[in-house]
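Note sheet for the following structure.
The values are calculated or read from the model by the stated rules, or taken from the named source; none is laboratory data. Just so it is clear, the model here is predicted, and its values are computed rather than measured. Cβ sites come from the backbone with ideal geometry, for glycine too, and all protein chains shown count toward neighbours.
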Amino acid sequence: MHVDYLIVGGGIAGTSAADSIRQQAPSSTIIIVSEESYPLYGRLMLSKPGFVFNKIPLEAVFLKKVDWYANNKIQLLTGKSVISIDAQAQSVGLNDGAKIEYKKLLIASGLVPNKISVHGDSKRGIFYLRTLDDARNIINWMGQAKSAVCIGGGLIGFEMCNIFRLANLKTTLIIQEPYYWANLLCATAGKIVEKCLEKNDVSIICNDVVAEFLGNDDLATSIKTKNNQYIECDIAVVGIGARSSHDILKSAGIKTNRGVLADEYLQTNIPNIWTAGDCTEFYSVIHGEGIQLGNWTNAQLQGKIAGLNMVGKNEVFKQVSFYSTHGFGLNIVLIGDVVITSSKVAIARQKNDTSYEQFTIKDNKVVGAVLFNYQEDISVIVKLISERIDVSNNLKNLSNNEFDLKKLL
């Protein structure tokens, strides 16, 4: 099988790339290889109450119908996975034995959840949330559950705690850090999240990890922690991060780090191979370094830009990443690069018990921010980041909740 443009991954990045290519190259051949059995769907909806509690019909989750692929002459191969890449021969091998030769290749394979590895981790009732099938399995299992445990203190943990409490399940959150989101937030911010959770009857266990899943035969009914706490557990959702899968890429000579390495044009070190989406660690012209940002908006625009560059355009990917979620009366917004490292500092300000802002500063510039119920500053912060505005004379003002950020523009 021969194709002009081969896309590995049927999510928003891969589908946006295919759409972009089709608009620019109407007579080209395009194939999308997807491990899942569905056309494109809204992954962000999977942990939202509207979908979980059937207020949104399943059909509304799908962003592309099967007809869209046919009408745009895009071949979608579902339930297939790439098991080998021969960059020199410009071909890939699929799990069904098929081989596809390509002229241009896009790696948009996304991330896979980190798996918990303890005794009893294969028992029924333990779930990960990444795909539509994952979400449907969780929803079905919730119907027979009375107690729930969320493992991990990221967005998945927050959103699933919200879902479980709305379902009136006794809910416990286990995090190994001293407070919620300790890798991103200061203790003050972490405690704001924790208070919102506890106010809504979520029990939080910090500085602890799961040591064992207990139960009858192959069914998990409780959890033992490293610190010898025992927690009832009819259902457990694990959200301890996600990773890129690199083995096939490395054997093809494609350079990787945390993600698939790419330049500002989203091209890898191999000619005719690009990358886009959550799996991509790209050079950011905004931040001046390689970063990996896993969120929907970022992946969608990366797919579009990668598609344009695959047909010969010369577009730089320049986007301020943005993600938001809501639960327990708390609106959480992540903008740009929010990870604190040795080269960055965090400056925070707080308006009240639930309104908080934390700015990530590097080289006297705002490169990211975390906002709790502070939506009015979003557009200003995006502009500060995208225009790389020097704030060296206003670092003290950033901690003053009375200071108007518009004065920095």
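Remark: residue 231 matches the filter, which requires a residue to be assigned to a strand (DSSP E or B) and either within 22 Å of residue 138 (Cβ to Cβ) or modelled with pLDDT of 95 or more (or both).
Can you pull out every residue in region 11-67 that is over 19 Å from the mean Cα position of the chain (by Cα), farther than 17 Å from residue 131 by Cα, in contact (Cβ under 8 Å) with a residue 60 or more places away in the chain and not in a loop (DSSP other than H, G, I, E, B)? Matches in region 11-67: 18, 19, 20, 21, 24, 31. On the basis of being aromatic (Phe, Trp, Tyr), at pLDDT 95 or above, touching a strand residue (DSSP E or B) at 6+ places or on another chain (Cβ under 6 Å) and closer than 28 Å to residue 252 by Cβ, does residue 102 make the cut? Here the answer is yes, as residue 102 does meet what is asked.
Residues of region 23-45 include at least one that is aliphatic (A, V, I, L, M), in contact with a helix residue (DSSP H, G or I) (Cβ under 8 Å, 6 or more places away or on another chain) and surrounded by fewer than 21 Cβ atoms within 10 Å (Cβ to Cβ). Of the strands (runs of 3 or more DSSP E) contained entirely in region 258-365, those carrying at least 3 residues that are closer than 24 Å to residue 391 by Cβ and in contact with a helix residue (DSSP H, G or I) (Cβ under 7 Å, 6 or more places away or on another chain) fall at 330-336, 345-350, 356-362.
Exactly one residue out of 174, 107, 151 is in contact (Cβ under 8 Å) with a residue 40 or more places away in the chain, farther than 24 Å from residue 192 by Cβ and of a type in the set (Val, Ile, Thr), and it is 107.
The residue that is surrounded by the most Cβ atoms within 10 Å (Cβ to Cβ), among those in region 110-120 that are within 22 Å of residue 247 (Cβ to Cβ) and out of contact with any helix residue (DSSP H, G or I) (no Cβ under 8 Å at 6 or more places or on another chain), is 113. Pairing residues of region 197-223 that are within 13 Å of residue 119 (Cα to Cα) with residues that are aromatic (Phe, Trp, Tyr) and not in a loop (DSSP other than H, G, I, E, B), at Cβ distances under 7 Å and at least 6 apart in sequence or on separate chains, gives 220/213; 222/230; 223/213.
For region 209-222, the criterion of being at pLDDT below 95 and either surrounded by 17 or more Cβ atoms within 10 Å (Cβ to Cβ) or under 29 Å from residue 331 (Cβ atoms) (or both) is satisfied by no residue at all. For region 234-257, taking the residues that are at pLDDT 95 or above and part of a loop (DSSP other than H, G, I, E, B), the one that is surrounded by the fewest Cβ atoms within 10 Å (Cβ to Cβ) is identified as 257.
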